[in-house]
Structures are given as structure tokens and as C-alpha cells.
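Participant: Provided herewith is a single structure, encoded as C-alpha cells, for subsequent inquiry.
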Amino acid sequence: MKNLSELTDFYYKVLFVALKQLEKDRKQLQSRIIVVGVLFTLFCLILYSFVFSKMGSSTDIMIFFAFGYFSLGTIIYKMLIKDYTKEFKEKIMHPLIKELDSNLSYESEQYLSQTYFRDSKIFSSPIDRYSGNDLVYGKIDDVHIEFSDIHAEKNHKNSKGKDNWSTVFKGLFIVADFHKHFKGSTVVLPDSAQSTFGDLIGGWLQSKNFSREELVKMDHPEFEKEFVVYATDQIEARYILSHSLMQKLLHFKTRSKHPLHISFIGQSINLAIEYNKDLFEPSVFRSLLDYKIAMQYVQTLHLCIGIIEELKLNQKLWSKQ
Amino acid sequence: MSTNLIILAVIVIALILMYNSLVSKKNQVENIFASVDTQLKKRYDLIPNLVATVSKYMEHEKSLFTEVTKLRSEANKPNISDEHKIALDAKVSSALGSIMVAVENYPELKANENVMHLQGSLNEVEEQISAARRAYNQAVTDYNNAIEMFPTNFMANAMNYTKKDVFEITQNERQNVNVKELFNS
């Protein structure tokens, strides 16, 4: 696998021509968005003042207008950037992923199957709406890996019977083969109870989590501080989470800089990194040549593919070889 | 009158809860020890095969093989105490470790498929044992804490529960066995 600086070099050198062209498109798009935005806002204001003069002021109408303005605005915005996004993914993301490892494939409009998400047992609440994009999949060092952007939502009915959507997870979801045999399930979650309520009460609350399996206390203080582990089997959980793997997961968590949920089920390891935004999308209001923007794409990709080497998933146990 | 009754009820419930939690902690320790035992047996079962395969090549390490065979027959005796099993495990681990290090000095052994297979199986059992040991130690720590902490210590005293030993985790075990390096070296 290429390292981070080689990949950055590739981004700026090989993709430079494509980036230049896209940068031109981006500037045009930016001014188009501003013009359309201003016109749309003016149109809405005129319409609102017209309705206001006819029907008088009421909070219901104001909410209706605000809602209409934002939702219609979002649709128009998405339509405007559609071609540019497609171009970006074809000309930048696709070569970047191929450069990272030629065994990887990329489908910009597909996403990880919901079965993976559900079977991972990371999120216990039911999912009513599931979407995503930017699916990357392939085999590296004989380890199958697959990841994509995922947005999973839950539906609540409010008092008026209207649908209300809340996000259960938004971010990157990674599935990869695990190098050890196991039968049960082990789920590793960010430790919110212990960090909010302290060791004693937090620990007690964790052990009373009925939607989860048995609580497993790990013998790694740093890991225990960051994460909480639930598993079907106390010994198996420790077989999977050896001291070195715990150390590596901690390191991975520090590198990703976002809440990390992990589970070991079936023959795979599932990682859900909560970015709370759609990744691998082209920047519209900042230059694609901006170092910070470029690093976002390069680093995130490198982080995902890097788990195979970082967690040593390619060093299979004797009986799995 | 009724206040006294309520106080009495609360005390009785508290006693029942303490009693149950102590019993469940003791059972957890026993349960996990049973798993440790199974894994240890798995390793003991590998020993005769290992000795048979490598001892004819390794003339200088005869004493290691006698020791490991002796330890195995001791461990297979019926009715040995948990403490004794824990002590035997530590000895076997170190003896097997020395044999594996010694194997490195015999190139023809390292290339032997049977030896490689044994090494692989042994490594896997070692990892399982290590996980079982860690689970056991956690269960014992919970149990020992309950026995020493207020107010369960009074109950534990009355029930004649005593502190249990933990397995010593060696520094070696804190690092994962690196299968690839083992075979490449």
C-alpha cells in the first residue's frame, strides 16, 4: 500500500491536470450558486410578502415558508452540484483509490448493504431509513475489505403524527475479514457512561444495559477508559481483544479523531467511525488544491485501507491460513 | 411497629442481595476456571506429540523434555487443587517456551512440517489460554474485591469464603504472538 506522502504527491502531480479543470468548473459553479441563491431568496421574500399582505401574519405560515425555503433550496443546490460531483468522483476519487491499491474497486453511487450494518449489532435501535454512497471494496493481502459512507436514520412520530427523522449513525462503515476464529459476538462502544458518571456509577450503569450482552471489563486501563465492551463470551472477548489489538485500536481511534464503534461478529470486524458528515464529497466553496481539503480525502482513504496493516488483519492464525 | 417491619424487610433484602451476589461471583470464578482447565488440557495433549517429534534431534535439551513430561503427568493426576494447577501452568509455560527457543537452533527442525504444525497449534492454544487466564483473573478480582470490601466482607466471612489466587501474566503475554515473525525467523 502506498504511504501518505506518496499519495499526496500523486494527488498534486498526476491528478493536477484534472484538478485544474475541476477547479475552473468549481469557480463557475460557485458564482452560479451565488446568483441562483440570491434570486431564489428574493423570489421567496416577494412571495412571502404577497401572502403576508393577503392573509396577515401567523407563525404557521412563517414555519411553512422557512421549511419550504430550506428544503427547496437544498434540492436546487444538489441539482446544481450534481455534474460537478460526478466529475470529481470519476476523475479524482477513482484514480486515487486505484493508486492506493490496484485491487480495490470504487462505485460512487453504491453503498454497503444494510445486512452488514444490521448484523454488526453495533447500533441497537431499529433503522427506518438507510442510505449512503462511495462504496470501496476489494481484497488486499487476501483480506476482504469493504467500506462506504452510511447514513442510518430512525423515524419518530411527533404529537401531530408527523414523521420526525433522527440520525442513528452518519459516517464511515468498514467491514473486513478478521484473522481469528470465533463463534459469538463482541461489541466495543465509546465509553459514555463511565466518562460522564465516573467509574462507580458509570460502571454500574454499563452492567445494567439490558439491550446488550454481558459487560466485559478489560485489563487495559487506557482502553477501558475509552471503550466499553459487551460480549456473549468473557473468554472469547479477551481472545479477540488481545493486549496488542487493544493498543492498536486505541491508536486507530486517536488517528481517526472521531467516535469509534467496533464489533466482531461472524468472521469479520466492523468499524463505524462517526464523522457526522458525508465524506468524499467535492468542496464547492474552497479550492480543491487547498492542502487541507486534499489531505481530508487522502487521509480518510488511507485510514480506512490502512486498518488491514495497522490491525495486522493480514497476519492470519495458523488454522486460518 | 410498621417502621420496624420496614427496616427489617430492607435488612433482609439487603442480606439476600449480598448473599446472591457473592455466590454468583464465586460461581463465575469456578465457571471460568473450568474453561481455563479445558484449554490447559488441550496444551497438555500436545506435549507427547511435541516431545516425540523433536526430542530425537535435540540431544542437549534432554532435561527440558523430562521436565515437561513430568509436569504433564503431574497435571493429569486426579484431584489436584486449583492453586496447584495454576502453579503447574506457569512451569509448563516456561518449559515449553525454552523448548521453542531451542528449536530455533536446529534448522532441520524449523523446516520440519510436523514441527511447524505443532508450533502453530501450540501458539493458538497459548492465545486461548492467555484469554482464559485474563478472564479468570478479572473474575477473581471481582470476587476478592467483594470479599474484602464493606459490607459484603462480613457476609463473606460468615460464609467462609477466602481470597483466591490469580494467574501471573508474564510480560511476554502482554504482547501478541506474532505468527509471521515466528516462522520467518
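Nothing in this text is a laboratory measurement; each read-out follows from the coordinates by a stated rule. As the structure is a prediction and not an experimental result, all values here were calculated from the model. With ideal geometry, Cβ positions are generated from the backbone for all residues, glycine too; neighbour counts draw on all protein chains shown.
Participant: In whole Å, how far is the Cα centre of the range B:24-76 from that of the range A:27-60?
Facilitator: Their Cα centres are 80 Å away from one another.
Participant: If you look at just the Cα atoms of the range A:1-141, how large are its Rg and its Dmax in Å?
Facilitator: In Å, with Rg to one decimal and Dmax whole: 22.0, 69.
Participant: In addition: Which residue, A:LEU215, A:LEU45, A:LEU19, has the most motion in a Gaussian network model of chain A that connects Cα atoms within less than 10 Å?
Facilitator: Most flexible of the set in this elastic network: A:LEU45.
Participant: In the Gaussian network model of chain B, springs joining C-alpha atoms below 10 Å, which of B:PHE154, B:PHE65, B:PHE167 carries the largest mean-square fluctuation?
Facilitator: B:PHE154
Participant: Report the longest stretch of chain A that contains none of the chymotrypsin sites (Phe, Trp or Tyr not before Pro) sitting in a DSSP loop with at most 12 other Cβ atoms within 10 Å.
Facilitator: A:1-209
Participant: Sticking with this structure for a sec: When only DSSP loop residues count, what GluC sites (Glu not before Pro) in the range B:80-125 have their Cβ near at most 13 other Cβ atoms within 10 Å? Don't jump to the answer; show the numbers that get you there.
Facilitator: Values: sites: B:GLU83, B:GLU104, B:GLU108, B:GLU113, B:GLU124; in loops: B:GLU104.
Those that pass, being in a loop and sparsely packed, are B:GLU104.
Participant: For the range A:91-148, what is the charge dipole size about the Cα centre, in debye to the nearest 20, if Lys and Arg each add +1 at the Cβ and Asp and Glu each add -1 at the Cβ?
Facilitator: Here the range A:91-148 has a charge dipole of around 180 debye.
Participant: If you don't mind, another one. If one takes the longest principal axis of the Cα atoms in chain A, at what angle in degrees, from 0 to 90 and to the nearest 10, does the Cα axis of helix A:291-310 lie?
Facilitator: That works out to roughly 30 degrees.
Participant: Could I ask something else about it? Hey, in the GNM for chain A with a 10 angstrom Cα cutoff, which one of A:ASP83, A:ASP101, A:ASP60 fluctuates hardest?
Facilitator: A:ASP60
Participant: Considering the Cα trace of chain A, what is its radius of gyration and what is Dmax, both in angstroms?
Facilitator: 23.3, 79
Participant: A further question follows. Just from its helices, what would the mean residue ellipticity at 222 nm be for chain B, if runs of 4 or more DSSP H residues each count -39500 (n - 2.57) and the sum is divided by every residue, rounded to the nearest 500 deg cm²/dmol? Mind dumping the intermediate values first?
Facilitator: Numbers: 8 runs with 146 residues, N = 185.
Mean residue ellipticity at 222 nm (helix-derived): -27000 deg cm²/dmol.
Participant: Next up: Identify, among B:ASN79, B:TYR161, B:THR3, the residue whose Cα sits farthest towards the positive end of the charge dipole of the protein assembly as shown, taking +1 on the Cβ of Lys and Arg and -1 on the Cβ of Asp and Glu, with the dipole about the Cα centre.
Facilitator: Positive-end residue among those listed: B:THR3.
Participant: Under the definition of partner shielding as Cβ atoms of other protein chains within 10 Å of a residue Cβ, what is the mean value for peptide A:239-248? Spell out each step's value before the answer.
Facilitator: Numbers: counts 10, 1, 2, 9, 7, 5, 1, 0, 3, 1.
Going residue by residue through A:239-248 and averaging, the value is 4.
Participant: If you place +1 on the Cβ of every Lys and Arg, -1 on the Cβ of every Asp and Glu, and leave all else neutral, what size is the dipole of the protein assembly as shown about its Cα centre, to the nearest 20 Debye?
Facilitator: Working: 59 positive and 60 negative charges, 258 e Å.
Using Cβ point charges on Lys, Arg, Asp and Glu, the protein assembly as shown gives about 1240 debye.
Participant: In nm², what is the average projected area of the convex hull enclosing the Cα atoms of chain B?
Facilitator: 12.9 nm²
Participant: While we're here: Answer with one residue from B:GLY120, B:SER63, A:SER287: the one whose Cα lies farthest towards the positive end of the charge dipole of the protein assembly as shown, charges on Cβ with Lys, Arg +1 and Asp, Glu -1.
Facilitator: Of the listed residues, the answer is A:SER287.
Participant: Now for a different question. Per residue of A:208-218, what is the mean number of Cβ atoms on other protein chains within 10 angstrom of that residue's Cβ?
Facilitator: What the average comes to for A:208-218 is 1.
Participant: A follow-up question, please. Which value, to two decimals, describes the C-alpha radius of gyration of the range B:1-88 once divided by 2.2 N^0.38 Å? List each step's numbers first, then the result.
Facilitator: Working: Rg = 24.2 Å, N = 88, 2.2 N^0.38 = 12.1 Å.
Rounded to two decimals, the normalised Rg is 2.01.
Participant: Something else about it: Please go through the range A:208-263 and write out the trypsin sites (Lys or Arg not before Pro) that DSSP classes as loop and that have at most 15 other C-beta atoms within 10 Å. Walk me through the numbers on the way to the answer.
Facilitator: Numbers: sites: A:LYS208, A:ARG212, A:LYS217, A:LYS225, A:ARG238, A:LYS248, A:LYS253, A:ARG255, A:LYS257; in loops: A:LYS208, A:ARG212, A:LYS217, A:LYS257.
Qualifying residues, ordered by number: A:LYS208, A:LYS257.
Participant: Measure nothing but the geometry: give the 0 to 90° angle between the long axis through the Cα atoms of B:2-54 and the longest principal axis through the Cα atoms of chain B, rounded to 10°.
Facilitator: 10 degrees
Participant: Per residue, how much space in cubic angstrom lies within the convex hull of the C-alpha atoms of the range A:96-243?
Facilitator: Working: hull volume 23.2 nm³, N = 148.
Output value, Cα hull per residue: 157 Å³.
Participant: Which of the chymotrypsin sites (Phe, Trp or Tyr not before Pro) found in the range B:1-57 are loop residues per DSSP with 12 or fewer other Cβ atoms within 10 Å of their Cβ?
Facilitator: Of the chymotrypsin sites (Phe, Trp or Tyr not before Pro), not one in the loops of the range B:1-57 has a Cβ with at most 12 other Cβ atoms within 10 Å.
Participant: In addition: In deg cm²/dmol and to the nearest 500, what is the mean residue ellipticity at 222 nm of chain A if only DSSP H runs of at least 4 residues count, each as -39500 (n - 2.57), divided by the residue total? Don't jump to the answer; show the numbers that get you there.
Facilitator: Values: 10 runs with 156 residues, N = 321.
Mean residue ellipticity, 222 nm, calculated: -16000 deg cm²/dmol.
Participant: Looking only at other chains, what is the average number of their beta-carbon atoms within 10 angstrom of each beta-carbon in B:124-136?
Facilitator: Shielding by partners across B:124-136 averages 5.
Participant: Quantify how much of the Cα-Cα distance distribution of the range A:59-181 extends past 26 Å, in percent.
Facilitator: So the portion of pairs separated by more than 26 Å is 41 percent.
Participant: Among A:GLN206, A:LEU241, A:VAL229, which residue has its Cα furthest toward the positive end of the charge dipole of the range A:197-243, with +1 on Lys/Arg Cβ and -1 on Asp/Glu Cβ?
Facilitator: Value computed over the given set: A:GLN206.
Participant: How far, in degrees from 0 to 90, does helix A:243-256 lean away from the longest principal axis of the Cα atoms of chain A, to the nearest 10?
Facilitator: Around 10 degrees separate the two axes.
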